[in-house]
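Read through the structure below, which is laid out as structure tokens, and then see the notes.
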Number of protein chains: 4
Amino acid sequence: GLEGLVCVKDFEERALRTLAKHPLDYYQSGAGHEHSLRLAKDAYLRVKLKPRVLRDVSNCSLKTSVLGRPATLPFGVAPTALQRMAHPEGESANARAAQTRGAVFILSTLSTTPIEDVAAAALDARKWFQLYIYKDRGVTRQLVQRAQEAGFEAIVLTVDAPIFGIRYADTRNKFSLPPHLEVANFKGITRSDMTSSGTGSGVNEYVAGLLDRSLTWKDVAWLKSITQLPVILKGILTVEDAELALKHGAAGIIVSSHGARQVDTVPAPLEVLPGIVEKLKGTSCEVYVDGGISTGTDIFKAIAIGARMAFVGRPAVWGLACGGQQGVEKVLGILEDELRITMTLSGVGSIEEINRDYVDIPSVWTSASKL
Amino acid sequence: GLEGLVCVKDFEERALRTLAKHPLDYYQSGAGHEHSLRLAKDAYLRVKLKPRVLRDVSNCSLKTSVLGRPATLPFGVAPTALQRMAHPEGESANARAAQTRGAVFILSTLSTTPIEDVAAAALDARKWFQLYIYKDRGVTRQLVQRAQEAGFEAIVLTVDAPIFGIRYADTRNKFSLPPHLEVANFKGITRSDMTSSGTGSGVNEYVAGLLDRSLTWKDVAWLKSITQLPVILKGILTVEDAELALKHGAAGIIVSSHGARQVDTVPAPLEVLPGIVEKLKGTSCEVYVDGGISTGTDIFKAIAIGARMAFVGRPAVWGLACGGQQGVEKVLGILEDELRITMTLSGVGSIEEINRDYVDIPSVWTSASKL
Amino acid sequence: GLEGLVCVKDFEERALRTLAKHPLDYYQSGAGHEHSLRLAKDAYLRVKLKPRVLRDVSNCSLKTSVLGRPATLPFGVAPTALQRMAHPEGESANARAAQTRGAVFILSTLSTTPIEDVAAAALDARKWFQLYIYKDRGVTRQLVQRAQEAGFEAIVLTVDAPIFGIRYADTRNKFSLPPHLEVANFKGITRSDMTSSGTGSGVNEYVAGLLDRSLTWKDVAWLKSITQLPVILKGILTVEDAELALKHGAAGIIVSSHGARQVDTVPAPLEVLPGIVEKLKGTSCEVYVDGGISTGTDIFKAIAIGARMAFVGRPAVWGLACGGQQGVEKVLGILEDELRITMTLSGVGSIEEINRDYVDIPSVWTSASKL
Amino acid sequence: GLEGLVCVKDFEERALRTLAKHPLDYYQSGAGHEHSLRLAKDAYLRVKLKPRVLRDVSNCSLKTSVLGRPATLPFGVAPTALQRMAHPEGESANARAAQTRGAVFILSTLSTTPIEDVAAAALDARKWFQLYIYKDRGVTRQLVQRAQEAGFEAIVLTVDAPIFGIRYADTRNKFSLPPHLEVANFKGITRSDMTSSGTGSGVNEYVAGLLDRSLTWKDVAWLKSITQLPVILKGILTVEDAELALKHGAAGIIVSSHGARQVDTVPAPLEVLPGIVEKLKGTSCEVYVDGGISTGTDIFKAIAIGARMAFVGRPAVWGLACGGQQGVEKVLGILEDELRITMTLSGVGSIEEINRDYVDIPSVWTSASKL
Ligand SMILES: Cc1cc2nc3c(=O)[nH]c(=O)nc-3n(C[C@H](O)[C@H](O)[C@H](O)COP(=O)(O)O)c2cc1C
Ligand SMILES: Cc1cc2nc3c(=O)[nH]c(=O)nc-3n(C[C@H](O)[C@H](O)[C@H](O)COP(=O)(O)O)c2cc1C
Ligand SMILES: Cc1cc2nc3c(=O)[nH]c(=O)nc-3n(C[C@H](O)[C@H](O)[C@H](O)COP(=O)(O)O)c2cc1C
Ligand SMILES: Cc1cc2nc3c(=O)[nH]c(=O)nc-3n(C[C@H](O)[C@H](O)[C@H](O)COP(=O)(O)O)c2cc1C
């Protein structure tokens, strides 16, 4: 049962004990020696709270708005591939849990459940679709089309993955998608297995073979030309690229290091967030963040620094692994409770009130070497 | 016996081995993953002493004054709830030990011994009463009345606990106050048990149900209107709130993170002390501090930075657990000896002489991430 | 087999398990308590990447130029002595692997294979010769002559080793070169064994006995007078000496702490690199770096900070120990792949594009004390 | 045998395994939780070397001068009490070893061998006498007289020990000087045993009972009035006291935390050295340092920062414990060799050349909390 699991770390530890080695390694790993993986979490600890007292906190609302529409929660589920390795109901269970809690759900291009099935499973969830652009632009166009038709309300273009980073465990495992699963959106369209050719990770080979690594900013224009949905760019870590995103008409950006899975020793997303927020303040481009979040207090800090929304990747996977839809619901519920308690004990009653005055940001952020 | 216990850490370790799991977890825990709990102690280590030599230190006095009256010692016992779980004589033994040593004793609203009994057990102790304001203001008013009549000389209003923070161990334990004990001040008045409803910590549920989370600064005025006793605000961590405390007529404030039990990743009390002392210097509002103190040298540093008095919570509980009144007496005696030795070896002979010249405060305080 | 070895650390760990104690200690050790050894690696972790997105990275070239000639790779193999202890084919295998990969290979004066044999084994490799100046200048002159004739294209004069540093393990082991091996370049010329006299390391005794510790900058002039080859100075750690190197006509310098084997608590080479690069920018003197590199990302950082080329010492030795030529080839291949991936994921397609904009250098570099 | 012991740490580890618990605890302990003990060592690691190359280092001399006379070595043996617990020949063996090596030897007032015997055992050693001022000034005067007559050339007045600090292990052990030993200088003069009364450390009780804790700067004048020997003040940690030492005619000061045995969380001596050196530069008062030195490289750094001489306490005790006179000789020999090698590899040939240009001092020194 899930009863003894009282924090996200509990879910993670349970998942680590229960998942089979290859899927676990796939979910858990970061690039290289995983310094940035540790760093991403670590950064949240280095931000200190500045709680205010004697404020009336009898009411506390987590409501916010995103992409111009009201949202129940200021956080959501980041896109993660291959969720049916964690639980038979995979992406559908995850989306349904998000729906129950009122969290935004982002579906990965590399879903093991077709877009349409996930949409049907969670009709009322706010759903965004994460897009990888395939060399075959016909395939890509069709994918965007299907997402739009299935009721997804935004396209999240991942920009930090022209190829996949080296995750040593996957290389060692010669990771392959289990044969009973497939990259479900491409069945009958293009390659939908991820079998390793025998020299390394099958998922890396899949990506190297099919995705378009020649993408540039003009492809953002192309994407906008083929869909009416707002386009969000996921995987930005520099102020310079944040500015370019604004200039190229992105409705939002997700400050992210792809779960520290691409290249090791990149900074923690939280660490670059202040500078990016500063640059995009007052513009039409919303700023979100993901990576390393495992408590509601972490979400409070992301918002205080200026993120409109925070996303969690692995925590939802751990929830899925521990108890399918119910597991994810509990994970999201814990984050919600912890965020509400952090707000209450900080003296704020609503998301809009949370700002930089409630946190203390370190002057020197990181010391990866200690990790 | 207590003979082998030569420092507060020894008492802590003994208590950790002897207390039953649920009470121990209750006493020991901090909020969340306990980064701030470690940080609170850690901060004291980062302040360095600047000992002066060739001063006549043949005499060394620990006398000071607090709230306008002379005090034997510059430190006291912080309010901690439910002390009879640690020792049958609980709050009475603790208060008697404080009386023997000449330390100020603060009794918790959530005492397992009634106000009047504690007062009777330690008639000559300097006693302050820690107040939680109940939704039922009649109950609250009555409590203040009783404290005043029982000879308590100040009301310490805890302002950092509109609700209680999440302490994972208590949640896991579904912590309940053992049935043979009660929240003694409320017997026959309002709810006096702390039985968990089965989903989490009984003490958190008790607080969520009974305490008033709509408190604001105007309630300080209300409290002052119902008692002649000086009002001290406990749980302040920002310069802004310290200023408001002064403005609203607090006789003193305790810079405190509630033993790091409310929300994790708040700064160490010692770390925010310099700024607060600076702001209240020369005003009518005295500044005290608690959290993380475990040696007499720690107390020296708190005083050097500007605290008029330092309080210890858990150390007294460990004393109680190891040997009742005698245990607390030894703990307080160790702190007294260590403070005197630190003074002697720093070249100061009285509390008034201790100032910022005797310590070196780090420019960058904390790195929670390493904890 | 080498199949399970997917990163340089894997090679290191395998070598640690397979090499005999004395050779292993010799290869592995740093001076003293090895703080600088850890520091050298650590420094690379403290530099953060700043990856740029939406750049066309479908092509990625590692080509560069060094000493005025094109080079296949921006990294090479640093000179390490006594390689036949690691593998029977020693220096020849190492050089052949460098040739296969297109890496510059630097042969040590203290080779266990004669200059001429190494040259013959790897005719097409770009080979430089590392020189120790012997008290006997005739011997030295002859050595330089032979290198030049054998097709080595530069003389790398090691300037940080008038004597050898204390490596405690070697002292304990009374390290001697195994009797079936010799300092092959000196057979029949001068002493070619390294037998310990029984009080400490035989290699230290050899160096103390034969090398000239009276070398000064005028000996650089002498060296230039006896050879047409460009002279590179290896072992510079200060801006002051970098300037002197330029002034005395060095074609390049290797910023290096000799693998942290000379004196402990010197800074990491990477840490002093920015200042030195700054000083030599735009001059005729190229700047290279070695020490602590174990991933392709490390190489990317060295280049970004301004090194024209980076060298690896121990990684090649571990490759040799694990699989001779094939082992070194795989090590160099891993570094190449990792560098290419780091470039791709940073948004750069060629070595020339890599610059300071792609990294974040810490303001405070090192904290050896934590190591 | 001593053969396998190649660095001071080896001696320490051997001593830790061979000494009986009570003496070992006495020698090893620092005050409190020993943060400053670790800090003292740690500080040396944080200073980085800046080695210069291509200097003629064929000659390297360790000669220096101290108190106006030439000295063979720039380091010596700090006074440590009760040396016959470590080896039957105690102080005599230690002094003889110092004589052999040419190191200054400081004898403790609390010697287990009489002044005269130590002097006789090491007639040619440079010997200084460490003085504790007893309440009984007659006893004190007599002691100074005897030292002067026995050929000691300076009085080292310890100013940081009006009482002794709390060393928890000694308290637990109720440490007593073994009955076959005595505080040899006082036999028949005043109390010469150190038997614990049963509540704590006998050495602390001895000191509390006999030493004069009313000492002030005027007692320095008194001391100077009763002896022609130069007076050195040992135990200074602030710039302010260094200035007062100069003003009161001290011939030298030892920047020292008494081996971190007095009060915990004082800074490392090395850390306060730069400020003190700066203040006394060019005056008649020499500056020495002790505490935490365990390699010749540490000594190089102390000199580079401006100490005229560095002293080692425990390293000599470990030498004594491992092999009496021979053990100390080897320890001092290791330090000498390591210092010479550090000089050679830094490009300096004499003590006078060593200066601040050869080291890099951290801007932020300490982080005791990590220790
Ligand atoms: C197992 C796994 C699979 C992922 N798959 C995708 C993906 O298909 N598309 C994508 O844009 N990001 C993907 N990510 C990155 C996540 O969207 C997100 O950036 C990251 O997980 C956030 O860090 P966290 O796991 O610490 O919360 C994946 C991450 C993980 C851990
Ligand atoms: C077991 C426990 C119970 C506590 N109960 C109360 C309480 O009833 N009221 C209150 O104001 N503070 C309470 N506190 C906080 C203490 O008054 C004090 O702020 C804290 O213990 C100081 O930190 P220390 O334990 O490190 O000395 C409690 C703390 C502990 C550890
Ligand atoms: C086992 C070993 C032997 C070495 N021998 C030499 C040598 O003969 N000549 C020289 O200039 N440097 C020598 N070095 C230093 C290397 O050229 C290089 O500076 C160092 O290994 C770089 O650090 P790394 O091992 O971390 O890559 C040696 C290093 C090692 C580890
Ligand atoms: C066992 C021991 C006994 C000591 N006894 C004395 C003493 O009698 N007088 C004194 O001035 N300092 C005494 N000291 C302090 C030393 O003189 C010196 O300051 C210290 O040992 C230096 O630190 P180190 O041990 O790290 O080298 C003693 C230190 C130790 C470790």
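Screening A:Leu244 with (1) of a type in the set (A, V, I, L, M, F, W, C); (2) at negative phi; (3) more than 11 Å from every other protein chain (Cβ to nearest Cβ) gives one miss only, at (3).
Yes/no per residue for (1) closer than 20 Å to A:Tyr27 by Cα; (2) out of contact with any helix residue (DSSP H, G or I) (no Cβ under 8 Å at 6 or more places or on another chain); (3) touching a residue at least 40 places away in the same chain (Cβ under 8 Å); (4) part of a loop (DSSP other than H, G, I, E, B):
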residue	(1), (2), (3), (4)
A:Ile106	yes, yes, yes, no
A:Ser111	yes, no, yes, yes
A:Val118	no, no, no, no
A:Ala125	no, no, no, yes
A:Gln130	yes, yes, yes, no
A:Gln142	no, yes, yes, no
A:Phe152	no, no, yes, yes
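Here's the yes/no breakdown for (1) under 18 Å from the mean Cα position of the chain (by Cα); (2) at pLDDT below 95; (3) more than 14 Å from chain A (Cβ to nearest Cβ):
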position	(1), (2), (3)
B:Ala98	yes, no, yes
B:Asp117	no, no, yes
B:Leu123	no, no, yes
B:Asp136	no, no, yes
B:Gln142	no, no, yes
B:Gly151	no, no, yes
B:Asp170	no, no, no
B:His180	no, no, yes
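Tell me which residues, restricted to the stretch C:324-342, are within 22 Å of C:Ile305 (Cβ to Cβ) and away from every other protein chain (no Cβ under 14 Å). Matches in the stretch C:324-342: C:Leu332 only. Here B:Asn173 meets each of (1) free of Cβ contacts under 8 Å to residues at least 12 places away in the same chain; (2) touching a helix residue (DSSP H, G or I) at 6+ places or on another chain (Cβ under 6 Å) with one exception, condition (1).
This table checks each residue for (1) within 14 Å of ligand 2 (Cβ to nearest atom); (2) within 12 Å of chain A (Cβ to nearest Cβ); (3) at pLDDT below 95; (4) touching a Cys at 6+ places or on another chain (Cβ under 8 Å).
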{"site": "B:Lys224", "(1), (2), (3), (4)": "no, no, no, no"}
{"site": "B:Ile236", "(1), (2), (3), (4)": "yes, yes, no, no"}
{"site": "B:Ala251", "(1), (2), (3), (4)": "no, no, no, yes"}
{"site": "B:Arg261", "(1), (2), (3), (4)": "yes, yes, no, no"}
{"site": "B:Asp264", "(1), (2), (3), (4)": "no, yes, no, no"}
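Selection of the stretch A:52-102 for residues being farther than 19 Å from A:Pro230 by Cβ, among the β-branched types (Val, Ile, Thr) and surrounded by 20 or more Cβ atoms within 10 Å (Cβ to Cβ) yields A:Val53, A:Val57, A:Thr80.
Could you grab me the full set of residues in the stretch C:343-358 that are of a type outside the set (Asp, Glu), within 12 Å of chain A (Cβ to nearest Cβ) and farther than 11 Å from C:Val57 by Cα? Scanning the stretch C:343-358 gives a single hit, C:Tyr358.
Do you know which of the residues in the stretch A:223-240 that are touching a residue at least 12 places away in the same chain (Cβ under 8 Å) and in a helix (DSSP H, G or I) is surrounded by the most Cβ atoms within 10 Å (Cβ to Cβ)?
Residues of the stretch A:223-240 that are touching a residue at least 12 places away in the same chain (Cβ under 8 Å), as a first pass: A:223-224, A:226-239.
Now drop any that are not in a helix (DSSP H, G or I), which leaves A:223-224, A:226, A:239.
Working: A:Leu223: 22, A:Lys224: 18, A:Ile226: 14, A:Val239: 17.
Per the criteria, the residue is A:Leu223.
When you go through B:Arg96, B:Arg84 one by one, which is the residue that is within 16 Å of ligand 2 (Cβ to nearest atom), of a type in the set (Lys, Arg) and in contact (Cβ under 8 Å) with a residue 60 or more places away in the chain? Before the answer, list the steps.
Details: B:Arg96 fails: within 16 Å of ligand 2 (Cβ to nearest atom).
Result: B:Arg84 is the single residue among B:Arg96, B:Arg84 that is within 16 Å of ligand 2 (Cβ to nearest atom), of a type in the set (Lys, Arg) and in contact (Cβ under 8 Å) with a residue 60 or more places away in the chain.
Here the stretch C:192-222 is the region considered, the condition is being in a loop (DSSP other than H, G, I, E, B) and among the small types (Gly, Ala, Ser), and the residue that is nearest to C:Trp128 (Cα to Cα) is C:Ser192.
Quick check on this structure: which one of A:Asp56, A:Asp42 is among the charged types (D, E, K, R), touching a residue at least 60 places away in the same chain (Cβ under 8 Å), within 14 Å of chain B (Cβ to nearest Cβ) and more than 13 Å from ligand 1 (Cβ to nearest atom)? Spell out how you get there, then give the answer.
Values: A:Asp42 fails: more than 13 Å from ligand 1 (Cβ to nearest atom).
Testing whether each residue is among the charged types (D, E, K, R), touching a residue at least 60 places away in the same chain (Cβ under 8 Å), within 14 Å of chain B (Cβ to nearest Cβ) and more than 13 Å from ligand 1 (Cβ to nearest atom) leaves just A:Asp56.
Within this structure, B:Glu12 fails the test of being surrounded by fewer than 19 Cβ atoms within 10 Å (Cβ to Cβ), more than 7 Å from chain D (Cβ to nearest Cβ) and closer than 24 Å to B:Leu339 by Cα. Filtered by the rule that a residue be of a type in the set (D, E, K, R), over 15 Å from A:Thr199 (Cβ atoms) and out of contact with any strand residue (DSSP E or B) (no Cβ under 7 Å at 6 or more places or on another chain), the stretch A:149-175 gives a lone residue, A:Glu149.
Checked against (1) out of contact with any Phe, Trp or Tyr (no Cβ under 7 Å at 6 or more places or on another chain); (2) within 23 Å of D:Ser92 (Cβ to Cβ); (3) not hydrophobic (A, V, I, L, M, F, W, C), D:Ser192 passes all but a single condition, namely (1). D:Ile189: out of contact with any strand residue (DSSP E or B) (no Cβ under 9 Å at 6 or more places or on another chain), in a loop (DSSP other than H, G, I, E, B) and over 23 Å from D:Arg141 (Cβ atoms), yes or no? Spelling it out, it is not the case that D:Ile189 is out of contact with any strand residue (DSSP E or B) (no Cβ under 9 Å at 6 or more places or on another chain), in a loop (DSSP other than H, G, I, E, B) and over 23 Å from D:Arg141 (Cβ atoms). Six or more apart or on different chains, Cβ atoms under 7 Å: show the pairs whose first residue is in the stretch D:283-310 and within 13 Å of chain C (Cβ to nearest Cβ) and whose second is within 15 Å of ligand 4 (Cβ to nearest atom) and of a type in the set (Lys, Arg). Sorted first by the residue in the stretch D:283-310, then by its partner, the pairs are D:Gly292/D:Lys41; D:Ser294/D:Lys9; D:Ser294/D:Lys41.
Give the number of residues within the stretch C:154-172 that are of a type outside the set (Gly, Ala, Ser) and assigned to a helix (DSSP H, G or I).
4
If you go through the stretch D:205-262 and keep only what is in contact with a Lys or Arg (Cβ under 7 Å, 6 or more places away or on another chain), hydroxyl-bearing (Ser, Thr, Tyr) and away from ligand 4 (no atom under 14 Å from the Cβ), you end up with D:Thr216, D:Thr238. Where helices (runs of 4 or more DSSP H) fall wholly inside the stretch C:269-371, no range has 3 or more residues that are within 16 Å of ligand 4 (Cβ to nearest atom), within 14 Å of the chain's Cα centre (by Cα) and at pLDDT below 95. Among the numbered conditions (1) over 20 Å from C:Leu82 (Cβ atoms); (2) of a type in the set (D, E, K, R); (3) out of contact with any helix residue (DSSP H, G or I) (no Cβ under 6 Å at 6 or more places or on another chain), the only one that C:Arg101 does not meet is (3).
The values are calculated or read from the model by the stated rules, or taken from the named source; none is laboratory data. Computed from a predicted structure; not experimentally measured. Reconstructed Cβ throughout: ideal geometry from the backbone, glycine too, with neighbour counts over all protein chains shown.
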